[in-house]
Amino acid sequence: MKPNNNESSLIIIKPSKGWIPINFKEIWNYREILYFLTKRDIKVRYSQTILGGLWAIIQPLFFMLIFSLFFGKLAKMPSDGIAYPVFVYAGLVPWTYFANAVSASSNSLVGNVNLITKIYFPRIIIPASAALSGILDFFIAILLLGIMMIFFNVFPNINILLFPLLIFLTFLCAIGVGLWLSALNVKYRDIRYTVPFLIQIWLFLSPVIYPSSMIGNKNRWIMAFNPMAGVLEAYKACLLGHMPVDWKMLLISTIIIFVILIGGLFYFRKMEKYFADII
Amino acid sequence: MNDIVIKINNISKKYKLGQRQPYKTIRESIANLIKKPVNRISSIPYQKNDLPQEIWALKDVSLDICKGDVVGIIGRNGAGKSTLLKILARITQPTEGIIELKGRVGSLLEVGTGFHPELTGHENIYLYGAILGMNRLEITRKFKEIVEFSELQDFIETPVKRYSSGMYMRLAFAVAAHLEPEILLVDEVLAVGDAAFQKKCLGKMDEVSKGGRTVLFVSHNMSSIQRLCNSAVLLEKGKIISVGKPSEVTELYLSKGATSKLEWKRETSANANAFFKRIYIKNIDGKISEYVTTTDALCIVLEFLINKHSENLQLSVGLLDRMGDIIFSTSPSDLKLKIPDSKGLYHAEVRFPKEILLPTTYGIRAVLWHPNFGIYDANEELRFLVQETDSYITQTPLGRSGKIAMYCDWNIQREG
């Protein structure tokens, strides 16, 4: 479809059956739609708001304050020897990105009915751009973490090099879950109501408010079957430098993320052809 | 020039009826469970059970289109025109068959799709351009030209939510018109904008086709099909029933509209006090019309038989919309005309004002009734699709809303 197609390029249209391989070349050809849709989502989010990009900080900031008060001060939640506000904020920032990305991509197909019923391009771009557009918020929110770390005298160590990889894993996890939920949402609008609920429960199952060491160092690898658990623990280890990275947990979570993602890709691909008909 | 660029081979598309319905929630499914038995008990026929579970929007359609052809696709609503374009645009998959396309396909299935109201005209040009398959360089190169074409230079940095719908469509079409596909799919987009702008758009389509590119053009407007296309395809109930010269195919289409629905005759006799024998729509020559246009003054002829002497018999005729809802009704008693009491065969004619029909489907309801005894005979057999012809009705940008048109007096003056 791009100009690099020469005139003799042949498009075959026929009914597809069963599991369809993922056409990465085609997705690459349409990468500019991904770019413009992501840009659109970012621009639109804060247009006609007074605080604009500050909203990216406000959400995790307020959770941090509330959690610090109730869990840190009152419940005396352990925090691996780090000041609780820093500890919880370091988990809240990636969690907020993940939660927003999952909910945005789950609703993305349903929110772009016009595009789906009128124009052809690989549908996967829609949930992908929805998951991607929150990344700017993530970087804005992480700035506040830097300030807090200076204030509380917490410094990262060499493991900080892992940080970009962790962002990528978070994105993959969000898009993996988002692919499943967005495709299901086209068929069953119950998903729309399930997602906020699911995310809330997931938060409490993840080591954001509490450290995974709480359940004992011996058994905490079991927690990593929640893919965000291993990733969140690694975030804290690499950003705060207070403990070594738990490679076992990270590995288990990474494997789970890829299982969800690959399954999601195939499921999405299988359902894709029905989107325009049933949405 | 005989290169085949679109080879359509036995394409069929099946829709399950459920698929076309809006999405379901669990709550609705439960509600349905409750409704079904209630409907049965109250002996309201539960229609869904009577309907076929699936419909073929297209059935075994085969067609070869050569490079440089401008092909008009016509047919009634539901004939499968849009489905065919959607399959060619790869928005939906065929159920059976195979299509080979050579070259880049651009579709204008609905202009303005992908516009975001919060973004400025400028940003939307890039977004929409990308969605249509242009890359950034290409859009940047054509940006000035697009803005000029849209005549929106002064508003290009304004969010499009502040645009009027006309401006919106103009910008959208300007972007779409600068797409340079080898195969262009167009679905009734020419009805946008004011007359001058429409002319520009037609010019652009002409240019596209002169440049040796292939255009598939779906429209209800027979005059633009005749003007723009070098061949035409008539679809009916998902099948191709005619391919050929635009003038011949459109003529066939227009006459098709007539035979089935513009005349109704009673085959068997009835034993009511009064009943209709024949109802038809008459043209200027006094013959049965072959089609109805937006400029026509609709003339309906009613032949009815009075079996039994009946005082105070009433006759009325209503115009129905395509859903069968009555838009207005008229009756001879409006003019203090009385229906004769005595037995016999009668001929009544009613003429609607001219230029009130929109290019859509209407029906006619004719009723013979009595204020005390109720309805003797009611008939809703006549149904027709009004053909678009040049008149004030079809000149409104973006079409006209409402069920009928009324030509009204206007007066606009500057105050002070």
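Every read-out reported here was derived from the displayed coordinates using simple, explicitly stated rules and does not represent laboratory data. For clarity, every value in this text was computed on a predicted model and none was experimentally measured. Don't worry about glycine lacking a Cβ; one is built from the backbone with ideal geometry, like all the others, and counts go over all protein chains shown.
As a length-normalised measure over Cα pairs under 8 Å and 6 or more apart, the relative contact order of chain A settles at 26 percent. Each residue, residue B:334 and residue A:47, gets one label point 7 Å from its Cα in the Cβ direction; the gap between the two is 4.8 nm. A straight Cα-to-Cα reach below 16 Å connects residue B:245 with none of the lysines, residues fewer than 8 places away in its own chain not being considered.
Here's the list of lysines a cross-link from residue B:161 could span, going by alpha-carbon distance under 21 Å and ignoring same-chain residues fewer than 8 apart: A:39, A:43, A:118. Simple spin-label estimate for residue B:10 and residue A:214 gives 6.4 nm between the two label positions (7 Å along the Cα-to-Cβ direction from each Cα). Of the cross-linked pairs B:81/B:204; A:273/B:13; B:204/B:239; B:265/B:287; B:210/B:239; A:14/B:210, those separated by over 20 Å at the C-alpha level are B:81/B:204; B:204/B:239; B:210/B:239; A:14/B:210. Against chain A, whose longest principal axis is taken from its Cα atoms, helix A:31-46 shows a tilt of about 50°. Round to the nearest 10 and give me the degree value, 0 to 90, for the angle of helix A:227-240's Cα axis relative to the longest principal axis of chain A. Helix A:227-240 sits roughly 50 degrees off the main axis of chain A. Placing dummy labels 7 Å off each Cα toward the beta-carbon, the span from residue B:204 to residue B:66 is 2.9 nm. For the stretch A:138-151, putting each phi into the Karplus relation 6.51 cos²θ - 1.76 cosθ + 1.60 with θ = phi - 60° gives couplings of 4, 5, 5, 5, 6, 4, 5, 4, x, 4, 5, 5, 5, 4 Hz, in residue order, rounded to whole numbers and with x for Gly and Pro.
Counting only lysines at least 8 places from residue A:73 when in the same chain, those with an alpha carbon closer than 23 Å to its own are A:236.
Between residue B:351 and residue B:252, the FRET efficiency estimated from the beta carbon spacing at R0 = 25 angstrom works out to 0.30.
Report the FRET efficiency, 1/(1 + (r/R0)^6), for residue B:311 and residue A:23, where r is their Cβ-Cβ distance and R0 is 60 Å, rounded to 0.05. FRET efficiency, residue B:311 to residue A:23: 0.20. Based on the Cβ-Cβ distance of residue B:153 and residue B:414, what FRET efficiency does E = 1/(1 + (r/R0)^6) give at R0 = 30 Å, to the nearest 0.05? Taking R0 as 30 Å, the efficiency between residue B:153 and residue B:414 is 0.65.
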